[in-house]
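Since the structure comes first, as structure tokens, the remarks are kept for the end.
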Amino acid sequence: MLPGFDGLRFSHWQAAQRDDGIVVLSLDRQGAPVNALSQDVLIELGDIVERLAIDPPKGVLFRSAKASGFIAGADLKEFQDFDRKGTVNDAIRRGQAVFQKVAELPCPTVAAIHGFCMGGGTELSLACDYRVASSDPSTRIGLPEVKLGIFPGWGGSARLPRLVGAPAAMDLMLTGRTLSAASARGMGLVDKVVEPALLEDAAAALALKGTQRPFKQRFAGWATNSWLARKILAPQMTKQVARKAKKDQYPAPYALIGVWQRAGGSGIQARLDAERKAVVKLAGSPTARNLIRIFFLTERLKGLGGKDGGGMPSPGIRHVHVVGAGVMGGDIAAWSAYKGFEVTLQDREQRFIDGALGRAQELFGKRVKDESKRHAVAARLKGDLAGAGVAEADLVIEAIIENPEAKRDLYHLLEPRMKDDALLTSNTSSIPLDELREHIARPDRFAGLHYFNPVSMMPLVEIVQHDRLDPAVVKRLAAFCKALDKFPVPVAGTPGFLVNRVLFPYMLEAATAYAEGIPGVVIDKAAVKFGMPMGPIELIDTVGLDVAQGVGAELSPFLGLQVPATLASVEPGKRGKKDGQGLYKWDNGKAVKPEAPAGYQAPSDLEDRLVLPLLNEAVACLHDGVVADADLLDAGVIFGTGFAPFRGGPIQHIRATGADALFERLKALQARHGDRFAPRPGWDNPLLRQAPE
């Protein structure tokens, strides 16, 4: 037992003294698979540090007793509860106080980091004198709080700029990106990187011997936080943030810059006070509440893939055979190979396969940083003109044209050659599976796997179901999606499924407004102002007018909507971004948007015309049971369309704005523009009138 610890028992921390006199504090949060900093964990740490301060050892080393990683950050479920109770201020003050006690210990302190070190975990390490990181690829260090609508509030924003210099520190916090151990070392965030087996000994040695940080880093920590530097740099940082996020939608990065600009040159306590006040204010904002909610939605989607679904192999799936080497099929094949699966790619002509393999090489070149490993990744993807891979595949993905008859003909050829336990899936974007399963011998093993373009960027995959599908197959496919680092959302196999069914009325109304003569740039600006990642006219061009036309042919009869001339016929060579010409001209992959006529005023109801059809159809999807519940609907639409994350999803937005008020605005649009705005079934659902979560 350590001196001063007689009779004390701890639930989360283990304290032991090494032969060299270093006290090792190992975090092993009780009853949890990963370490997160709850208030109990912090209170316990505070008690330990107080006792260590009375009789200081030669040094203190912080480490994780869990193999899963160092510390994932704060306990967000607890944080949500504090927000509801209005006690966020107390929670942040406690975290700051405990970490300040660590910083004030009269002996050297060092953090030994292995695996993930996020948020509060990084802030604890910043309160230490030194940091040593494991060279294992799993080690990632970051302060991602901005992605939750706040910024580091336990001393991270107060300490990091002094440690690594303001430009590097603010970039890390404003983007929320994570660093490898080597990158953290290069920045000065970490003092040393060692092999995992040497981590504790190296950290202990550093605590005993200390180290002098390079003069360049020490000078940057002083010079870049001076009054003059803050006066010059803060406006530049604000301009950079404004290019990506609006202040009224995402206030956290602006608040972080403001706190640093005002208090960055003050003493530590003044910096902590400014940090705490700003973070408490942000934590109560709708943006933070919605972004934290989205975080939990992502955890739920990951959970659909099972506890062991992440990484190779996915249960029962090792070999994937893709039929169709177009943009979607080729990119699905390439991504599957990149994520560790053996993949064969088939098409009717070799030239299509060659084009897909060329695009795959570009993907591997960007994603596989270690050139020595790139060949092995590329070798997992093989062209297969004859389709020999069908007989070996555990999963067959059809990604040919959106034509039910062509797909059924293909299944007739594929299924007899497949293994008995293999799964057959379609990447159809809108065709009901009831139309596709005719004559399929094993419909219980047939499902939809609907990816979104671009495959490497879009995180969602819809698992499309039908009434004869085996539920065990859904679980296998969810695990496969998780192995691909994609979010699976099970949806009903009705036309358009979830994402395209919700998105189509929005795009259709944009095309209708465009056909009326409203400039495309005006339409796009209205949508971006609402919070969409890009405007619907640019989106139509990006998806392809031909694809939009095909989806329209499938969905317009089902939804009772008229397709405007803009989408009714598509001229050859003018399909959008892929041809360099569509509703916009495209140059080097970017839309060339003509300015609106001088003095042009957008119609006052333009935003409602675009957004309310999307909300209207989301309500109908919830009513029709396209997804299991409102949370899955919000998650699917956010990750499938980019729907304004700060609004929390369509259903969350309806609750926050008021279902009755939106219903009346729909009725007003119906009276003004026609029955395409008639409220769809489901607006009387009590779920729409719950308080926003």
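Quick notes on this structure:
Condition check ((1) under 28 Å from Ala283 (Cβ atoms); (2) among the β-branched types (Val, Ile, Thr); (3) touching a Pro at 6+ places or on another chain (Cβ under 6 Å)) across all residues:
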| residue | (1), (2), (3) |
| --- | --- |
| Asp90 | yes, no, no |
| Ala112 | no, no, no |
| Ser135 | no, no, no |
| Pro144 | yes, no, no |
| Trp154 | yes, no, no |
| Pro167 | yes, no, no |
| Arg177 | yes, no, no |
| Val193 | no, yes, no |
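- Qualifying residue in segment 183-206 (condition: more than 16 Å from Ile113 (Cβ to Cβ), outside the structural domain of Pro533 (by TED's automatic domain parsing) and in contact (Cβ under 8 Å) with a residue 24 or more places away in the chain): no
- Within segment 647-682, restricting attention to residues that are touching a Phe, Trp or Tyr at 6+ places or on another chain (Cβ under 8 Å) and farther than 13 Å from Pro613 by Cα, the residue that is surrounded by the most Cβ atoms within 10 Å (Cβ to Cβ) is Gly649.
- Helices (runs of 4 or more DSSP H) fully within segment 1-104 counting 1 or more residues that are touching a helix residue (DSSP H, G or I) at 6+ places or on another chain (Cβ under 8 Å), of a type in the set (A, V, I, L, M) and not assigned by TED's automatic domain parsing to the domain that holds Ala197: none
- Given (1) small (Gly, Ala, Ser); (2) out of contact with any Gly (no Cβ under 9 Å at 6 or more places or on another chain); (3) crowded, with 24+ Cβ neighbours inside 10 Å, index of the condition Ala478 fails: (2)
- Residue that is surrounded by the fewest Cβ atoms within 10 Å (Cβ to Cβ) [pool: residues in segment 156-165 that are over 25 Å from the mean Cα position of the chain (by Cα) and either closer than 18 Å to Leu282 by Cβ or among the β-branched types (Val, Ile, Thr) (or both)]: Val164
- Residue in segment 146-164 that is touching a Ser or Thr at 6+ places or on another chain (Cβ under 6 Å) and either assigned by TED's automatic domain parsing to the domain that holds Pro235 or outside any helix (DSSP H, G or I) (or both) present: yes
- From the options Leu189, Leu172, residue that is assigned to a helix (DSSP H, G or I), surrounded by 14 or more Cβ atoms within 10 Å (Cβ to Cβ) and either in contact with a helix residue (DSSP H, G or I) (Cβ under 6 Å, 6 or more places away or on another chain) or hydrophobic (A, V, I, L, M, F, W, C) (or both): Leu172
- Test: residue in segment 339-362 that is surrounded by fewer than 24 Cβ atoms within 10 Å (Cβ to Cβ), more than 30 Å from Pro505 (Cβ to Cβ), of a type in the set (Lys, Arg) and touching a Leu at 6+ places or on another chain (Cβ under 7 Å): yes
- In the set (1) more than 30 Å from Tyr411 (Cα to Cα); (2) surrounded by fewer than 16 Cβ atoms within 10 Å (Cβ to Cβ), Arg318 fails one condition alone, (1).
- Verdict on Leu484 being in contact (Cβ under 8 Å) with a residue 40 or more places away in the chain and not assigned by TED's automatic domain parsing to the domain that holds Ala337: no
- In summary, Trp222 fulfils each of the numbered conditions (1) modelled with pLDDT under 95; (2) over 29 Å from Ala255 (Cβ atoms) with the single exception of condition (2).
- Residue match in segment 525-539 (condition: among the aromatic types (Phe, Trp, Tyr) and farther than 27 Å from Gly636 by Cα): no
- On the stretch given as segment 408-430, residues that are closer than 26 Å to Leu503 by Cα and either of a type in the set (Asp, Glu) or modelled with pLDDT under 95 (or both) total 3.
- Any pair with Cβ under 8 angstrom, 6 or more apart, that starts in segment 593-605 at a residue that is at negative phi and ends at one that is part of a loop (DSSP other than H, G, I, E, B) and aliphatic (A, V, I, L, M): Ala602/Ile518; Pro603/Ile518
- Residues that are surrounded by fewer than 24 Cβ atoms within 10 Å (Cβ to Cβ), in a loop (DSSP other than H, G, I, E, B) and of a type outside the set (D, E, K, R) were ranked within segment 494-533; the one that is nearest to the chain's Cα centre (by Cα) is Pro533.
- Residue in segment 611-618 that is more than 22 Å from Tyr514 (Cβ to Cβ) and assigned to a helix (DSSP H, G or I) present: yes
- Taking the conditions (1) of a type in the set (A, V, I, L, M); (2) touching a residue at least 40 places away in the same chain (Cβ under 8 Å); (3) in contact with a Lys or Arg (Cβ under 8 Å, 6 or more places away or on another chain) in turn, Leu614 satisfies each one other than (3).
Yes/no matrix, rows are residues, columns are (1) of a type in the set (Gly, Ala, Ser); (2) assigned by TED's automatic domain parsing to the domain that holds Glu392; (3) modelled with pLDDT under 95; (4) part of a helix (DSSP H, G or I):
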{"site": "Ala278", "(1), (2), (3), (4)": "yes, no, no, yes"}
{"site": "Arg300", "(1), (2), (3), (4)": "no, no, yes, yes"}
{"site": "Gly310", "(1), (2), (3), (4)": "yes, no, yes, no"}
{"site": "Ile332", "(1), (2), (3), (4)": "no, yes, no, yes"}
{"site": "Trp335", "(1), (2), (3), (4)": "no, yes, no, yes"}
{"site": "Thr344", "(1), (2), (3), (4)": "no, yes, no, no"}
{"site": "Ile353", "(1), (2), (3), (4)": "no, yes, no, yes"}
{"site": "Ala356", "(1), (2), (3), (4)": "yes, yes, no, yes"}
{"site": "Ala360", "(1), (2), (3), (4)": "yes, yes, no, yes"}
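- Residue within segment 257-275 that is surrounded by 15 or more Cβ atoms within 10 Å (Cβ to Cβ), of a type in the set (Phe, Trp, Tyr) and either assigned by TED's automatic domain parsing to the domain that holds Glu462 or assigned to a loop (DSSP other than H, G, I, E, B) (or both) present: no
- Test: residue in segment 286-303 that is buried (at least 19 other Cβ atoms within 10 Å of the Cβ), touching a strand residue (DSSP E or B) at 6+ places or on another chain (Cβ under 8 Å) and touching a residue at least 12 places away in the same chain (Cβ under 8 Å): yes
- Residue ID - nearest to the chain's Cα centre (by Cα), chosen from residues in segment 363-391 that are crowded, with 16+ Cβ neighbours inside 10 Å and touching a residue at least 60 places away in the same chain (Cβ under 8 Å): Leu363
The values are calculated or read from the model by the stated rules, or taken from the named source; none is laboratory data. What you are looking at is a predicted structure, and each value in this text was computed from that prediction instead of being measured. Neighbour counts run over all protein chains shown; Cβ positions are idealised from the backbone, glycine included.
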